[in-house]
Amino acid sequence: MGIFGRRPVEDPPHPRREPRLEGPLTPERLGEVFRDCVDYNRRSIAVGGNEAMRCELVFLAGMVRMERVSDYVLRPLAQDEALGKLGAAVAWEKMRSGALYSLSVTERTTLDEAAADLIEGNCLLFFSGQERALSFNTGTEEKRGVGEPENEISVKGPRDSFVENLRTNTSLVRRHLKAPELKITEQVVGRQSLTPVDLVWLDGIADPATVEELSHRVEDIDIDALLATGNIEEYIADEMDTPFPLVFYTERPDRFCYGLSQGKVGLLAEGLPLGYLVPGVIGDFLRAPQDRSENWMVAASLEVLRWVCLLVTLFLPGVYVAMVNFHPEMIPLRLALSIMAARVDVPFSALFETLLLLVAFEVLQEAGLRLPQSIGQTVSILGGLVVGSAAVEARLISPAVLVVVATAGIAGYTVPSQELAAALRLWRLVLAVLAGVAGLFGVVMGTAFLVGHLAGLESFGAAYLTPFAANPGDQVKGQVLGQPLREDKLRPAHLNTGNKRKQR
């Protein structure tokens, strides 16, 4: 018995019907399947003008391109008198072998295949008395055009980005990587969405074990609909009880292809304008897209700066709270006197001030993201003025706390990955609370727990702390500090690639 004497409700079963649709493949049965669908269309046609031999054309309006149906299917059927003089069986074979002007024609014998083709944008052709159909590729190509990436701005590199159409995305990859070793396999995920998901890798370079493992994880996804990134990330990641991202994604085809050339395995899904790369380690999330377009010294300096900013955004608020509350002797005398003078009329503790500003910072950021762009900028400016200047003038917070939180927030914006930045903001709150409770000892204990947590994470067999983890053969210099391209001879050892060398 559960709470209030009620019996606990058990999860209902999740049966899978095979086949999905039962019955013969006929226009009448398809009409029953698509009953109450205003876009379902059926038309009777006299083959070659012969009223004695008629066929049925079935399609979904909006999914097919009407001029293709008219020019490639209807016109040859109506005008080719030779087809009308043949028997139904002979005419069927003629159309299947190319009598109609269609690049792709397939014979369908099951209701599941026929319904899936209609939804994909094909039209079906039936002869009376036969429980089979010819499926012609007449799908519309209405989709968002390839544009510039919005979140990964390109300064010197290519300016194309992934879109929601899967075939467009695979073509973008093919244009960047023209090697015949590029392999693309497809699986369908989602019982209701029937979303195509493609695995992409370079044969002979990517680790076959990683390819097989990713394929198994995608195959094991059994959900109703795959419509958002979270629907697939949670199922392919090694661990979900962590705020840190374990799967790297990008909206730039050139960056995606660079990962493939390094030995990673990619994943593309219909409806998602981005590509995933596995395994994903912490070093991947701190590299910006333009790093490979800059001078190697500049790129290395910027990457070191990002690591420093990562430490600043993570530890600065906690260290400030610890020093003000427990270790004032660590602060230079004149600075300590200035902080104490500014906090004389402030009614709150340093911990409460810091947490208040950190939460206000998150609220402002969330409001700016959710509102329209024009309104969001106004809210951010007004919120910054109110929370910052007005709060200091009203003696609700001290100027030192405002500087500390603002510095930590700006430092967090240097992290290229928004998911990693969100994880750092969460841990920043935790470390600030620990600092307010136990001073620097709390910060050290929280850091030890964080490092232990990160050390225990893996992404498809690769240690998450790569390149700092022990991976025999990994070149730490090339992955952290950067080096000239001419000296970057080998692929990362943690990817376990078949071909280790990537240039002479």
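The values are calculated or read from the model by the stated rules, or taken from the named source; none is laboratory data. Keep in mind the model is a prediction, meaning the values are calculated, not measured. Note that each Cβ is placed from the backbone with ideal geometry, even for glycine, and that neighbours are counted across all protein chains shown. The area values use the complete protein model at the heavy-atom level, side chains included, leaving out ligands, DNA and RNA. Shrake-Rupley method; radii C 1.70, N 1.55, O 1.52, S 1.80 Å.
So here's what we get for this one:
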quantity	calculated
Which listed residue, of Glu120, Glu164, is of a type in the set (Asp, Glu), touching a Pro at 6+ places or on another chain (Cβ under 6 Å) and surrounded by 12 or more Cβ atoms within 10 Å (Cβ to Cβ)	Glu164
Residues satisfying the stated conditions in the stretch 389-413, i.e. over 20 Å from Val319 (Cα atoms) and either open to solvent by 30 Å² or more (accessible area, probe 1.4 Å) or not in a helix (DSSP H, G or I) (or both)	Ser389, Ala390, Val392, Glu393, Ala394, Arg395, Leu396
Residue in the stretch 278-296 that is part of a loop (DSSP other than H, G, I, E, B) and within 13 Å of the chain's Cα centre (by Cα) present	yes
Qualifying residue in the stretch 447-454 (condition: of a type in the set (Val, Ile, Thr), open to solvent by less than 20 Å² (accessible area, probe 1.4 Å) and at pLDDT below 95)	no
Helices (runs of 4 or more DSSP H) contained entirely in the stretch 40-159, each with at least 3 residues that are of a type in the set (A, V, I, L, M)	88-94, 111-120
Breaking point among (1) modelled with pLDDT of 75 or more; (2) open to solvent by 30 Å² or more (accessible area, probe 1.4 Å); (3) out of contact with any Ser or Thr (no Cβ under 6 Å at 6 or more places or on another chain); (4) not aromatic (Phe, Trp, Tyr), for Lys85	(1)
First in the stretch 481-504 and in contact (Cβ under 8 Å) with a residue 24 or more places away in the chain and in a loop (DSSP other than H, G, I, E, B), second anywhere and aromatic (Phe, Trp, Tyr) and surrounded by 15 or more Cβ atoms within 10 Å (Cβ to Cβ), Cβ under 9 Å, 6 or more apart	Gly482/Trp296; Gln483/Trp296; Pro484/Trp296
Lone unmet requirement of (1) out of contact with any Phe, Trp or Tyr (no Cβ under 9 Å at 6 or more places or on another chain); (2) surrounded by 15 or more Cβ atoms within 10 Å (Cβ to Cβ); (3) in contact (Cβ under 8 Å) with a residue 40 or more places away in the chain for Ala336	(3)
Residue that is most open to solvent (accessible area, probe 1.4 Å) [pool: residues in the stretch 123-143 that are under 17 Å from Asp39 (Cα atoms) and of a type in the set (Ser, Thr, Tyr)]	Thr140
Candidates Thr185, Thr170 - the one that is open to solvent by 40 Å² or more (accessible area, probe 1.4 Å) and either assigned to a strand (DSSP E or B) or out of contact with any Pro (no Cβ under 6 Å at 6 or more places or on another chain) (or both)	Thr185
Answer residue from the stretch 255-268, given it is farther than 19 Å from Glu212 by Cβ and of a type in the set (A, V, I, L, M, F, W, C) and is surrounded by the most Cβ atoms within 10 Å (Cβ to Cβ) among those	Phe256
Residue match in the stretch 431-438 (condition: open to solvent by less than 40 Å² (accessible area, probe 1.4 Å), farther than 26 Å from Leu302 by Cα and in a loop (DSSP other than H, G, I, E, B))	no
Selection count, the stretch 408-425, where residues are closer than 28 Å to Ile339 by Cβ, in contact with a helix residue (DSSP H, G or I) (Cβ under 6 Å, 6 or more places away or on another chain) and not aliphatic (A, V, I, L, M)	3
Test: Gln192 is open to solvent by 70 Å² or more (accessible area, probe 1.4 Å), within 30 Å of Glu113 (Cα to Cα) and either in a loop (DSSP other than H, G, I, E, B) or among the polar types (S, T, N, Q) (or both)	yes
Residue list for the stretch 195-221, filter: open to solvent by less than 60 Å² (accessible area, probe 1.4 Å), more than 15 Å from Gly266 (Cβ to Cβ) and assigned to a loop (DSSP other than H, G, I, E, B)	Gly204, Ile221
Total residues in the stretch 337-366, condition over 20 Å from Gly436 (Cβ atoms) and not aliphatic (A, V, I, L, M)	4
Which numbered condition Thr140 misses (of (1) touching a Gly at 6+ places or on another chain (Cβ under 9 Å); (2) hydroxyl-bearing (Ser, Thr, Tyr); (3) without any contact (Cβ under 8 Å) to a residue 60 or more places away in the chain)	(3)
